[in-house]
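Laboratory data are not the source of any read-out in this text; all were calculated from the coordinates shown. Computed from a predicted model, the values in this text were never measured in an experiment. Here the Cβ positions follow ideal geometry from the backbone for every residue, glycine too, while neighbour counts run over all protein chains shown.
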Amino acid sequence: METYDVVIIGAGPAGLSAAIYTLRGHLKTLILENDTPGGKVVRTSEITNWPGSASIEGSTLAYNMFEQVLSLKANYKYGKVIKIQPKKDYYVVITDDSKYKTKYIIIATGTKYRNLNLANEDKFYGNGLSFCAVCDAKLYENKTVAVVGGGDSALKEALYLSMFASDVTLIHRRNEFRGSDTLLQKVLKKPNITIKTPYEVIALEGDKKINSIKVKNNETNEVSYLYIDGLFLFIGSDPASDFVKDIIDIDGKGYIKVNEQMETNMKNIYAVGDVRVKDLRQIITACNDGAIAGQNIVDKNAY
Ligand code: NAP
């Protein structure tokens, strides 16, 4: 079994920041990721609150972080962690095809996208249904799309899609938006974005690809159809903590509880970034968490 000082689960900003600290502290570090390195940042169009860059593309920021970590000689592997096995003075991290021995673990798995739980949803994923405007907007040049959600992600990505699609319908289940007023005002100014509230999507239709959605007005219960080429879901996300919920303290929503050093209730297991209990889930706060956990482990080994 390969042995490491630290195994970091998740290569988003929190996990990559932690790696910068453990690697600079000369700890043998493995980063495990089961998706694209960079986490959700990769799927974000434009980031305007990262200090030092008034505006940077999400994919560029993610790539820069990943390159920096690789340049520090990180071990990086693809792997979906399914279990952590506590032993007397170390842990075994079990993925779908491997096992790794380590003294320290940093959980940086972030959150996973929510879906609508409608029939055909899995079948249409990649066939007209998307969770990523940055990845797929080009496919809908001069076409008709709908965006579901009322938070910052839905508002922001509707704006992004409006640069490609001819028509964007933003569907939200309430009349009030959860996202910022600044973004909402920008959306309202776009001539090719139509706001449809208070509506819920109740069915996805089409043969191989989505071609229409059935929507219900939440005030009148009236049902109607919307003919679209693509549907983008931005309805929030839930913590990716299922694989540790039996051994680590989580709150009622599944977020991992930590102390100020990012330590969980299990000795030498840390949780950082969006997966932990916190008020503000942003790239900068994810990096903060990663730095604290990484340096804490380095300090424990230096003295
Ligand atoms: P969010 O704030 O949780 O918003 C999710 C939205 O989806 C809500 O409007 C919610 O409706 C709606 N929703 C949830 N479940 C639904 C369902 N089953 N059917 C229909 N609608 C549903 O998620 P987010 O927009 O991804 O943002 C997450 C965090 O990241 C937030 O803190 C946000 O501020 C931050 N963020 C910031 C930026 C930025 O530019 N600063 C960009 C993106 C995200 P209700 O409102 O009715 O609950």
Practice task
Starting from the Cα of K267, step 7 Å along the direction of its Cβ; do the same at N217; then give the gap between the two resulting points in nm.
Solution key: 6.3 nm
Handout entry: In degrees, nearest ten, helix 58-71 long axis to first principal axis of the chain (Cα)
Key = 20 degrees
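Past 22 Å, Cα to Cα: identify those pairs from K112/K245; K99/K253; K28/K87; K80/K101, in the order given.
Numbers: K112/K245 15 Å; K99/K253 29 Å; K28/K87 19 Å; K80/K101 16 Å.
The answer is K99/K253.
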Exercise for the section: For the chain, find the longest principal axis of its Cα atoms and tell me its angle to the long axis of helix 283-302, 0 to 90°, nearest 10. Expected result: 10 degrees
Exercise for the section: Only bridges with both residues in the chain count here: give the DSSP antiparallel percent, nearest 5. Expected result: 45 percent
Practice task
Only Cα pairs under 8 Å and at least 6 apart count here; give the relative contact order of segment 81-211 as a rounded whole percent.
Solution key: 20 percent
Exercise for the section: Fewest Cβ neighbours within 10 Å first, please rank Y4, Y90 accordingly. Expected result: Y90, Y4
Completion exercise
Shape call for segment 115-233, from the Cα gyration tensor axes a ≥ b ≥ c (a/c under 1.5 means rounded, otherwise prolate when a/b beats b/c, else oblate), comes out oblate
Practice task
Return, ordered by residue number, the residues of segment 128-154 whose backbone nitrogen is under 17 Å from a label point located 7 Å along Cα→Cβ of R173.
Solution key: 147-154
Practice task
Pull up the cross-link candidates among the aspartates and glutamates for K156, meaning alpha carbon to alpha carbon under 20 Å and not fewer than 8 places away within one chain.
Solution key: E46, E57, D136, E141, D167, E176, D181, E200, D229, D238, D274
Problem - On Cα atoms only, tilt of 13-24 relative to the major axis of the chain in degrees - result: 20 degrees
Fill in the blank from the handout: Distance in Å, no decimals, from the C-alpha centre of segment 271-303 to the one of segment 148-207 is 33 Å
Fill in the blank from the handout: Per the rule of 0.36 nm per residue minus the C-alpha distance, extending Q68 to K99 adds in nm 8.5 nm
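Can you order the peptides 144-155, 32-43 by their average number of other Cβ atoms within 10 Å per residue, highest first? Can you show the working numbers first?
Values: 144-155: 23.7, 32-43: 22.0.
Output ranking for 144-155, 32-43: 144-155, 32-43.
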Exercise for the section: Could you tell me what percent of the DSSP beta bridges with both partners in segment 115-233 are antiparallel, to the nearest 5? Expected result: 45 percent
